[in-house]
Amino acid sequence: MTISSATGIIHIDPDRRPIKTSNTTWRIRLTLVILAFLLIWQAAVAWFKLIPSNFLPAPTEVSVAFGELVVNPNFWSALAFSLGNMAVGLAMAIGVGVFVGIALGLSPALRITVAPFLWLLYSTPKVALAPIFILALGLGSASKIGLVFLLAVFPVLLNTMEGTLTVSPSLVNAARVYGASRFSVGWKIIAPATLPFSLVGIQRAVALGFTGEILGEFLGGAGGIGHMLEYAAYKFLMDEALAIVFVMVIVSNLSLGLISIVRRKLAPWDTDQKGM
Amino acid sequence: MTTETAQRRASTAPLISARGVTVKFDVARTGKQMIALSNIDLDVMEGECVTVLGPSGCGKTTFMNVVAGLVKPTSGSVFIDGDEVSGPGPDRAVVFQDYALLPWRTVFDNVRFGLEMQKKLSDGDWRDRVQNAIDMVGLSGFESSYPRELSGGMQQRVGLARAFVAEPRILLMDEPLGAVDALTREVMRDEIGKLIAQTGKTVLFITHSIEEAILLGDRIVVFKSKPGEIKEIITTGIEGMGSERNAQNDERFHELREHLWSVLANEAAAASK
């Protein structure tokens with residue numbers, strides 16, 4: 001919509017409405033696509049033998065391996081090891097990321113002095129630093145936690161900084177007009193305005209942190225589902241390896257789903273949900 | 001205005017008094033100073049509605065921010081009831097062009113925000129006051145809606161309620177209808193006129209709409225840009241507020257509108273040279 005006024009033309013964009021498909025229709029379609037995919041896979045490997053099954057086992061073999069995996073106590077302790085490291089690394093990343101992000105957002109002096117180093121580190125392929133972490137922190141949990149932290153801290157930090165920087169000045173003015181103290185401005189305006197940004201950062205951090213954990217287990221040590229996957233591949237047990245990959249997909253999706261729920265609970269006003 | 005308020009005005013000193021208000025900004029890019037406001041003198045009487053009209057960038061919003069206590073003048077001062085303004089105060093409330101509502105708060109919680117910041121929630125009747133303000137701007141039934149669920153016009157009603165509930169002596173309105181669609185704009189202009197008349201607040205109303213300036217103002221202050229200065233102050237001399245004026249005082253309304261158009265057109269031509 002366009003409005004002409006004495007001093008110019010104002011454009012008002014209508015709300016962009018998402019395409020509305022009912023949840024059930026969507027679920028049915030998704031299920032059909034997955035079933036078709038599994039069917040083609042099964043046909044290619046087991047029926048037409050286009051791919052040797054010791055390279056790519058058929059879905060039926062993978063599901064048998066998955067069934068064996070979930071009754072194996074070693075699997076559960078490996079999963080607990082991975083998730084435990086991830087939780088510690090993420091908690092540190094969230095704490096440091098939010099704190100430093102807010103500090104950088106509020107202080108131009110800090111931004112000028114610290115930000116160049118952060119960008120330098122951010123643009124480094126962090127995976128390349130993994131061997132250094134293993135050397136410095138050993139083969140145990142510490143090196144994995146370090147890698148989770150390194151990969152997860154940046155999205156939290158940068159998103160929080162962006163959130164703090166983009167708080168609308170008129171919201172701050174509205175608070176000042178009614179005599180808000182600096183503390184009130186921080187707690188009642190800047191914190192809630194930044195929260196949705198931090199939550200988006202945390203969601204990204206969870207996905208990246210998981211990558212960091214698996215990577216750390218690949219490179220050294222003897223625990224976790226990443227190590228289990230590497231060992232299965234080494235023994236050429238491709239059905240078990242794929243079953244573990246399947247577990248990783250589930251873990252990753254469950255944790256992302258959990259954060260989505262947290263975002264809806266903590267920031268229900270943030271409807272555009274800012275993507276991933 | 002009634003004779004009673006006219007008498008009261010004649011016998012009292014101005015409520016808002018600006019003396020030599022000058023605001024300069026440092027422009028980081030060029031390293032030069034920009035003069036946003038130059039030597040503004042203006043008196044506003046208690047109960048008066050003064051509209052400030054001018055092209056974009058003429059410093060009218062800066063002037064309002066100085067009166068609000070949000071911007072410190074480089075030189076000069078604003079006095080409220082004789083006291084020099086050194087910051088925001090409970091005697092003034094602001095209605096913002098972009099509404100400035102907190103998106104994480106419901107309508108009710110947005111309206112109570114001013115009272116909360118002013119630490120007036122210990123007053124026993126604050127809930128009634130918030131509800132009355134919501135009813136007054138016509139938002140009954142929307143108390144638990146979030147701003148994003150409301151149209152622009154309705155969001156600005158929330159902004160009005162938030163300002164009124166704090167019971168300031170002075171309402172500062174910064175192009176409150178600037179971001180509202182054209183039809184809603186006319187409806188709300190008349191409603192704001194009624195609210196101002198009902199509550200008898202002293203109002204400084206910033207606008208770039210000639211119609212708004214005439215239909216709401218007891219006096220119209222015309223700003224010119226580069227630097228921001230007062231070009232002209234006109235007493236409208238029309239009774240009533242809002243659309244009443246348009247209907248009842250056709251001749252004066254059109255006379256004023258034509259005059260203001262030519263003043264602003266000259267201003268715009270001069271600014272673009």
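The values are calculated or read from the model by the stated rules, or taken from the named source; none is laboratory data. Not measured: the values here are computed from a predicted model. Cβ: placed from backbone, ideal geometry, glycine included. Neighbour counts: every protein chain shown. Keep in mind that these areas ignore ligands, DNA and RNA; they rest on the heavy atoms of the full protein, side chains included. Shrake-Rupley method; radii C 1.70, N 1.55, O 1.52, S 1.80 Å.
Points worth noting:
- For region B:64-117, the tally of residues that are within 14 Å of the chain's Cα centre (by Cα), in a helix (DSSP H, G or I) and facing another protein chain (nearest Cβ under 7 Å) stands at 1.
- Any chance residue B:141 is small (Gly, Ala, Ser), part of a loop (DSSP other than H, G, I, E, B) and more than 12 Å from every other protein chain (Cβ to nearest Cβ): yes
- Residue in region B:147-161 that is more than 12 Å from chain A (Cβ to nearest Cβ) and either without any contact (Cβ under 8 Å) to a residue 24 or more places away in the chain or assigned to a strand (DSSP E or B) (or both) present: yes
- Here region B:207-256 is the region considered, the condition is being farther than 23 Å from residue B:21 by Cβ and of a type in the set (Ser, Thr, Tyr), and the residue that is least open to solvent (accessible area, probe 1.4 Å) is B:236.
- Region B:1-32 - residue that is closer than 30 Å to residue B:237 by Cα, basic (Lys, Arg) and open to solvent by 70 Å² or more (accessible area, probe 1.4 Å) and, of those, modelled with the lowest pLDDT: B:8
- Yes/no for residue A:154 being open to solvent by 30 Å² or more (accessible area, probe 1.4 Å) and within 16 Å of residue A:121 (Cβ to Cβ): no
- Scanning region A:101-120 for residues that are open to solvent by 70 Å² or more (accessible area, probe 1.4 Å) and either within 24 Å of the chain's Cα centre (by Cα) or touching a residue at least 12 places away in the same chain (Cβ under 8 Å) (or both) turns up A:106, A:117, A:119, A:120.
- Screening region B:166-273 for helices (runs of 4 or more DSSP H) wholly inside it with 3 or more residues that are more than 30 Å from residue B:130 (Cα to Cα) and charged (D, E, K, R) returns the ranges B:250-272.
- Residue match in region A:21-34 (condition: surrounded by 11 or more Cβ atoms within 10 Å (Cβ to Cβ), under 25 Å from residue A:242 (Cβ atoms) and of a type in the set (A, V, I, L, M)): no
- Top-ranked residue in region B:174-185 [being touching a residue at least 40 places away in the same chain (Cβ under 8 Å) and within 12 Å of another protein chain (Cβ to nearest Cβ); ranked as farthest from residue B:240 (Cα to Cα)]: B:179
- Any pair with Cβ under 7 angstrom, 6 or more apart, that starts in region B:249-273 at a residue that is over 16 Å from residue B:225 (Cα atoms) and ends at one that is open to solvent by 60 Å² or more (accessible area, probe 1.4 Å) and at pLDDT below 85: B:252/B:237
- Residues located in region B:177-206, provided they are surrounded by 23 or more Cβ atoms within 10 Å (Cβ to Cβ), over 19 Å from residue B:253 (Cβ atoms) and touching a strand residue (DSSP E or B) at 6+ places or on another chain (Cβ under 7 Å): B:202, B:203, B:204, B:206
- Some residue of region A:176-188 being in contact with a helix residue (DSSP H, G or I) (Cβ under 9 Å, 6 or more places away or on another chain), buried (at least 22 other Cβ atoms within 10 Å of the Cβ), of a type in the set (Ser, Thr, Tyr) and closer than 24 Å to residue A:153 by Cβ: no
- In region A:121-134, the residues that are open to solvent by less than 60 Å² (accessible area, probe 1.4 Å) and among the hydrophobic types (A, V, I, L, M, F, W, C): A:129, A:130, A:133, A:134
- If you go through region A:222-239 and pick out every residue that is open to solvent by 40 Å² or more (accessible area, probe 1.4 Å) and either in contact with a His (Cβ under 9 Å, 6 or more places away or on another chain) or among the aliphatic types (A, V, I, L, M) (or both), you end up with 4.
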